Structure formats: structure tokens, C-alpha cells
Amino acid sequence: MTKTPIGFVVIASFIVFSDVANAVANNNQRNVCNIEVPFDYLMMALQWPPGICYSNLKKKCVSHGNRFVIHGNWPTFSNGTWPEFCCFQRDFDRRKVSEVEDGLKEKWGTLFTENSDEGFWRHEWKKHGTCAAVSSKLKGQRNYFSESLALYDRANVQSWLEKAAIIPHSASSSKRYTLRELHQAIESHTRKKVRFECRRLPRRIASDPILSGMYLCYDPTTLEYVDCKQRDDADCGNGNVMYLLKR
Ligand code: 5GP
């Protein structure tokens, strides 16, 4: 058996160790792209344009219909935190979504006139999409956007709400829905827990929380529905919620 000089082992170990240390340091600074971050589930964030636009007095809204649209599809950890900006080198390339661009405009367009659709997609790709690579079906920009659109199409949340007689009303209406009704309407189809999001305005403007979004959660591998782990329904309280119609 050949003997390895101890000095060589020490120097070799040092080189290997400093490579790893550099990789980690680079990863913290610039996030090297070959590290795929494992996460627990994907969370599809849907936004309700009339709710957001009514409650967002500072930003002017693009005209959207009475339809939930995509905000993003976010890799998430069970404890409610999430990885973000996993790879700065992968900038958004519009050519890679040309085949699905019509669908993106219709279902994932920005709500705000001050933003562009492309700027919104770029942001969502860099912040969330680059972290989805561990899910082979969403790996790479093309897959990330087309698979997210497919998940959106599969969740017919609008008709699920309508079937449960949950329809939007104008702000002057006194009609309210309970969170329980909202959960039941969606979860009777997904069979898994979803989350809702609301905005609160001063009571003189809106007496109850305004529904602004909904979250659906998916297994990263099978893309089947899983329970959304966070138990709170951000700012929706436990009572009645206003489900607003486009003005
Ligand atoms: P995220 O919630 O994914 O971390 O960030 C959303 C970012 O995208 C914000 O900087 C926001 O200004 C921008 N943005 C552009 N269009 C939209 C939109 O339609 N909805 C939301 N929620 N954010 C948008």
C-alpha cells in the first residue's frame, strides 16, 4: 500500500475545504445555480383584482375582469418561510415563454399600470421561479411558466365558488361570506386545505376584511394538492369577508 504524506493530506483537505467555503460564500452573495434548494410544497398565489384594486388606493390598476389571476407560484417551506432569488445568473428571457405568452398575459398579467407584464414575470421568475428547480416539472423558465399556467387551468376556482353560490358583490352591498363558506367551496374540490388573503381598510370605508387572494398548495414532485400549512388566513379574521365585484 502506498503511503500518502501527511502534509499532502493536510494541504489537500485545506484546498477542498476552502473550495466548499468559497462555494457557500458565493452562494450567499450571488447564489450559484447548480445548487437546487429542496422545499416542502409549491404555493400558487392567486390574486383577486377587484379586492386588491379597491384596497390599494395608491396604485392605478390595469383593467382586469372578475376573475382570480396568478400572482406567483412559490416554493415554500412547511414553517412558512421560503427560499428566494436562488440564481441571479438566470435572468428572465422573454423568448422562452413566447409559446405561452398569450396565456401569461391573460392569466398572469400585472394588475398595476406602473408595472409591465414582463417586469412582473421577470420578478416572479428571479425571486421564486429560480428556486423551483428541484421540482423537475418546473425546472427552467419555460417549464416554470407553462406548468404554473397548467396548474392554474386545473383549479377552476371561479366556478367552484359559483357552484357554492359565492359570487362577488359591489362595495355598497351588505352581502358577506364567511371564511368557512369560502374554505368549503374550494376544499370540497381540492380535498386539501387552502388559504385566503384579505386586506383591511378603515371601518368607514369597508366594515369587513376584503378578499384579495387565495393560495393553493402542491406537492413538488407529483403536483397533486397538499394542505397549505400556514393556518392563518392573512388578515381575514374569523368572521365575514367582502368579496368585491369589479367597479
Ligand atoms: P412578490 O409578492 O412575488 O414577492 O412580489 C411582488 C412584486 O411584483 C412587487 O414588487 C410588486 O410591486 C410587483 N408586481 C407587479 N405586478 C403585480 C401584481 O399584479 N400583483 C402583485 N402582488 N405584485 C405585482
### Query
For the stretch 45-59, what are the residues that are within 12 Å of the ligand (Cβ to nearest atom) and more than 18 Å from residue 168 (Cβ to Cβ)?
45, 58, 59
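Kindly indicate the residue of the stretch 60-69 that is assigned to a loop (DSSP other than H, G, I, E, B) and either within 30 Å of residue 86 (Cβ to Cβ) or within 8 Å of the ligand (Cβ to nearest atom) (or both) and also modelled with the lowest pLDDT among those meeting that condition. Step through it out loud before you land on a result.
Narrowing the stretch 60-69 to residues assigned to a loop (DSSP other than H, G, I, E, B): 60, 62-68.
Applying the additional criterion that residues be either within 30 Å of residue 86 (Cβ to Cβ) or within 8 Å of the ligand (Cβ to nearest atom) (or both) yields 62, 64, 68.
On the way: 62: 92, 64: 82, 68: 98.
Per the criteria, the residue is 64.
With 171, 155, 164 as the choices, which residue is of a type in the set (A, V, I, L, M, F, W, C), touching a residue at least 40 places away in the same chain (Cβ under 8 Å) and surrounded by fewer than 17 Cβ atoms within 10 Å (Cβ to Cβ)? Even if it seems obvious, please write down each step before you answer.
Working: 155 fails: surrounded by fewer than 17 Cβ atoms within 10 Å (Cβ to Cβ); 164 fails: touching a residue at least 40 places away in the same chain (Cβ under 8 Å).
Of the residues listed, the single one that is of a type in the set (A, V, I, L, M, F, W, C), touching a residue at least 40 places away in the same chain (Cβ under 8 Å) and surrounded by fewer than 17 Cβ atoms within 10 Å (Cβ to Cβ) is 171.
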### Summary
The number of residues in the stretch 75-88 that are part of a loop (DSSP other than H, G, I, E, B) and in contact with a helix residue (DSSP H, G or I) (Cβ under 9 Å, 6 or more places away or on another chain) is 7
### Query
List the pairs whose first member sits in the stretch 220-236 and is without any contact (Cβ under 8 Å) to a residue 60 or more places away in the chain, whose second member is assigned to a loop (DSSP other than H, G, I, E, B) and of a type in the set (Lys, Arg), and whose Cβ atoms are under 6 Å apart, counting only residues at least 6 apart or on separate chains?
225/192; 227/192; 227/193; 235/200
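Could you tell me whether residue 39 is touching a strand residue (DSSP E or B) at 6+ places or on another chain (Cβ under 6 Å) and farther than 30 Å from residue 205 by Cα? Talk me through it step by step, then tell me what you get.
Working: touching a strand residue (DSSP E or B) at 6+ places or on another chain (Cβ under 6 Å): yes; farther than 30 Å from residue 205 by Cα: yes.
Yes.
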#### Entry: Qualifying positions in the stretch 122-143 - within 10 Å of the ligand (Cβ to nearest atom) and assigned to a loop (DSSP other than H, G, I, E, B)
128
### Task
For residue 194, indicate whether it is in contact (Cβ under 8 Å) with a residue 12 or more places away in the chain, within 19 Å of residue 155 (Cβ to Cβ) and of a type in the set (Val, Ile, Thr).
yes
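Which residue, of 72, 109, 119, is within 9 Å of the ligand (Cβ to nearest atom), part of a helix (DSSP H, G or I) and either modelled with pLDDT of 95 or more or out of contact with any Phe, Trp or Tyr (no Cβ under 8 Å at 6 or more places or on another chain) (or both)? Can you show your working first?
On the way: 72 fails: part of a helix (DSSP H, G or I); 109 fails: part of a helix (DSSP H, G or I).
Matching residue, one of 72, 109, 119: 119.
The values are calculated or read from the model by the stated rules, or taken from the named source; none is laboratory data. Nothing here was measured: the structure is a model prediction, and the numbers come from that model. Counting neighbours? That spans all protein chains shown, and the Cβs are built from the backbone with ideal geometry, glycine included.
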